[in-house]
Structure formats: C-alpha cells, structure tokens
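Report on one structure; see the data block that follows.
The values are calculated or read from the model by the stated rules, or taken from the named source; none is laboratory data. Model, not experiment: these values are computed from the prediction. All Cβ positions, even for glycine, are placed from backbone atoms using ideal geometry, and neighbour counts span all protein chains on display. Protein only, heavy atoms only, side chains kept; ligands, DNA and RNA dropped before computing areas. Shrake-Rupley method; radii C 1.70, N 1.55, O 1.52, S 1.80 Å.
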Amino acid sequence: MKIRHRLSLQFTLISGIILTVVFVLIYLLSAQYIRNSFYKLLQMRALVTAQVYLEKDELTKKKFLEIEKSYRERIPDESSNIYDQHNQAVFIEKTRYNWPVSLLETIRHQEVYRFVFREESGLGIYYPDNQGDFVVIVTARNTAGIQQLQYLLWILVVMFFVALLITFLMGQWYASRALEPIKSINRQVQKIRSNNLHLRVQQGLSKDEIDELAANFNGLLQHLEQAFDMQRSFASNASHELRTPLTTIIGEIEVTLQNNRSREEYIQTLGTLLGESEKLKIITDGVLQLTRVDANLTEANSELIRMDELLWDLAEYWRHKSPPVQLHVQLSGLPDDAALLCIRGNRSLMALALQNILRNAFKFSYNRDVSCRLSYSDSGISLSVSDRGIGIAAADTEKIFMPLYRADNAHSFEGYGIGLSMTQKILYLHKASITVSSVLGQGTTFNIFLPPAGKWL
C-alpha cells in the first residue's frame, strides 16, 4: 500500500473515531433531554389532573375552565390514576393499570417519582389537599420523542459516512500535495545512473524534513561519486603498477626464448624475473594489507599507547638505520599527568601508520632531517611530521591517500603508492584524522589529530 493511501486511511480512521465519540455524545445528550422534557410534561399533566378533580371547589369558574381546557389536551395514549390515603382509586373510573401499594408508598416518600413500565414513561406526584392526601400517577408512551431520536440517529449515521467519505477524499488530496516533493525526488533519482553520479537532487527552500532527505541523499551521491572515482583511479593505478613488472617479465622471457643462451645469461634473466616478481608480490601484499586494516578495534583487542614514548622509539629506530637518519622529536604543552598522552588502540598498527609517513618524509627529502612535533590540548593530541623534500602539488594533495596513487614528481622514487592509503585507514580506525599541507619544492607537513583514551570508546 502506498504512503498516500495509508495516510488517507489513517486520517480517516482517526476522524471516524472522533466523529463516533462526538455523535454518540450528541445522541445520548439528546435522548437525555427528550426524556427529561417528557417527564416534565408528565409532571405538568399530573398537576393539571389533580387540579381538575381536587381543586374544583376552590378555583374561580374562569380559572377552572382554563385548567379543564388544558386537561383535555391529552398526551397520546395517556393514562391517569388518583389514589387516596387508603390506596383506593378515586375520581377516575376507567383506569388502565392498577398500581401496587409499594409504588404508591414510594411516591408519597419521594413526592415526585419517575419510572418506566411496559415501554411507557410514568410519573407520580404526592398531592396533599384539604380533602385528604392523594397520589396522582400519569403514564404515556413518548411516541414523538422516540421518533425524534430515530430521526436524529438516521441523520447522524448518514452524516458519519458522508463525513468519512469527505475526510478520505480530502486526505487523498492533502497526502498527494504533501508527498509531491517526494515524488519529485523519486523522479530525479530514477534518472541517476553510475555514469551520471554528478547529478544532484534539487532541494527546496522550506528547510523541512523532505529538504533534509534531499540533502542527505545528495551527500550519499557525493560519497558514491567519490567511491566510484577512487575505484576507477585504483583500477587505473593498479593496472599501471602491475603492467610494468608483467611487461618486463614477458619481454625477458620472449627474448630469452628466441635463441640459445649461455648459463650466465640465463642466470641474469632469472634474476630480472625474480626482481620483477618480488615487485608484484610487494604490490599484492600491500593491497591485501589494506583490506585487512578494516577490522574494528574494541577494548578487548586494544591497549593504551603512550604517544611520546612511541615517537622516541621511532626516532631510535631511524637512528640505527643504514644510512642513519635524524628524526627530531619536539614536545610542547605537555600535561602534568603523563596518562593524558595515551590513546587507546593497536600499537603495532599505529607504529606502522607513523612509519609510513616517516619513510616517505626521509625518502622524498633525500634523507634530510625530519621534525616531529607532539602537543596536547583538552580536546586531544596533535602530531605533525614535517620534511624539507620535493613537496606535493596542490592538485595531488587530495589524491595521495588513494591506493596505488603516486604523484607525478614521485615516479623517480621507489614505492607503489600503498603506504599513505594504509596510514589513513589505520588512523581512521583509531578515530583520528589526518591532513596534509605542502609547498612544491620546499617540503610537506602531515598533521594528525588523535582523541584521548577517555573519548575513544
């Protein structure tokens, strides 16, 4: 069922419940009003009956004639009884009912008593007089009131179904109007394919939930477009990096097979094939490591890492390399509590991420000194690695973290474009961020921000 029909039915159901409650109250209040009005009429008829039979000698002729005239205007199917203090019927000879003594005593006790007998409404009054104390009972069927209630019920039922129909049609119209922006989004989305991910859904100016949906969908499209671009770039870079050693291997084999070779030439060819095969293994191993870095870190498989100690260990490592290189570690704004310099994560992965950055810094600066600055603030730990190397062009700064991507000025150096991509994944795994700033020909600085251990989980 479409949302438009579901909303219309829900709106109709709610309206039906409200109308049912309102109409039931109207019917019950009307029935109560008609019943009370009829009982007042019966009470008036009982008083008139008592005055006609008991007050004749005490009223003027004119007044008595008025009361007698009112008495003759009887209610349809009316029946009257008068009982004396000995519970004997008097004055009215033809009576329809002979009422029990218990009812008469109840009327004397309450003075005015309403009751229902055989679908007729009855009312009795206690009427003291100089001739004695009497009880007057009048009964009648409220035919007009019943007809009024039936007519009211018929009107309410018809109005109920007409109102439901109108409510459903109005709900359909309103839901169609309300959902029109979603229909527009659907029409625009249907036109988007993998070859035109640059298209975006048009957003309105009302800043409502539908505009928020369109904005979120545009954000998703942007991420998809970036993912497709990265995939195409990865395929292009991977094919380039893999094609070079494969071409060398195939060429060496073809040349060797053309003629008989000496043992030394075969050994030389096999050495070349071994070197190119090792390059292929390094590339495939690097790509495999990238896929394995996507595992989640939990408290069970993580530990506290002192970042200052890790940097000193890395500086010591590079100092003993051949040829030895110098990593200058600078600490600033350190807290009194050394535990605040700890982050939670995997020490081996974090060391690998920083090593990739340091390796590139030394490599692209021809083994010049590299500086590493560590600082602390309440929001987290900041780490920057700076070199004085060849630098990175502005157009390449956003691409260097893509797998197997290498800048134009980096092709003369050894490498396969895997290290920085792995570093970014490891840092994201530790909920850290990394940015790069560089001036071509002057050097590059990588800035890393790490959350403290207390905010990591």
The simple spin-label model distance between Gln131 and Glu303, using points 7 Å out along Cα→Cβ, in nm, is 11.8 nm
extent check for region 66-156: Cα max minus min per principal axis, descending, whole Å, gives 51, 32, 21
Expressed as a percent, the accessible surface of the chain that is carbon or sulfur, using a 1.4 Å probe and the full set of protein chains, is 57 percent
Among Ser70, Phe91, Gly391, the residue whose Cα sits farthest towards the positive end of the charge dipole of the chain, when +1 is placed on the Cβ of each Lys and Arg and -1 on the Cβ of each Asp and Glu, is Ser70
Here FRET efficiency (C-beta to C-beta, Ser206 to Gln148, R₀ 60 Å, nearest 0.05) is 0.70
Over the chain, the sum of -39500 (n - 2.57) across DSSP H runs of at least four, divided by residue number and rounded to 500 deg cm²/dmol, gives at 222 nm -19000 deg cm²/dmol
Ordering 41-49, 179-187, 80-88 by per-residue average of other C-beta atoms within 10 angstrom, highest first, gives 41-49, 80-88, 179-187
All alpha-carbon distances of region 157-236, grouped into 10 Å bins from 0, give the whole-percent distribution 16, 32, 21, 15, 9, 5, 2, 0
So the compactness index of region 363-457, its C-alpha Rg divided by 2.2 N^0.38 Å, takes the value 1.15
Residues whose modelled amide H sits under 5 Å from the amide H of Gln326, counting only those 5 or more places away in sequence or on another chain, are Val370
Mean shadow area (nm²) of the C-alpha convex hull around the chain is 48.0 nm²
Normalised Cα Rg of region 311-436, dividing by 2.2 N^0.38 Å with N its residue count, works out at 1.08
Nearest-0.05 FRET efficiency for Ser184 and His223 at R0 = 25 Å, using Cβ-Cβ distance, is 0.65
The simple spin-label model distance between Gln110 and Thr435, using points 7 Å out along Cα→Cβ, in nm, is 8.8 nm
Computed over region 315-378, the Cα gyration tensor eigenvalues, each multiplied by 5 and square-rooted, give semi-axes in Å (largest first) of 25, 14, 10
FRET efficiency for Ala395 and Ile267 from the Cβ-Cβ distance with R0 = 51 Å, rounded to 0.05, comes out at 0.70
Mean Cβ-within-10 Å packing, highest first, puts peptides 302-315, 142-155 in the order 302-315, 142-155
Once the mean of 1/r over all distinct C-alpha pairs in region 116-160 is inverted, the Kirkwood radius in Å reads 13.3 Å
Of 261-273, 339-351, 161-173, ordering from highest average Cβ density within 10 Å down gives 339-351, 161-173, 261-273
If N is the residue count of region 107-266, its Cα Rg over 2.2 N^0.38 Å rounds to 3.04
Taking Cα pairs closer than 8 Å and at least 6 residues apart, the relative contact order of the chain in percent is 11 percent
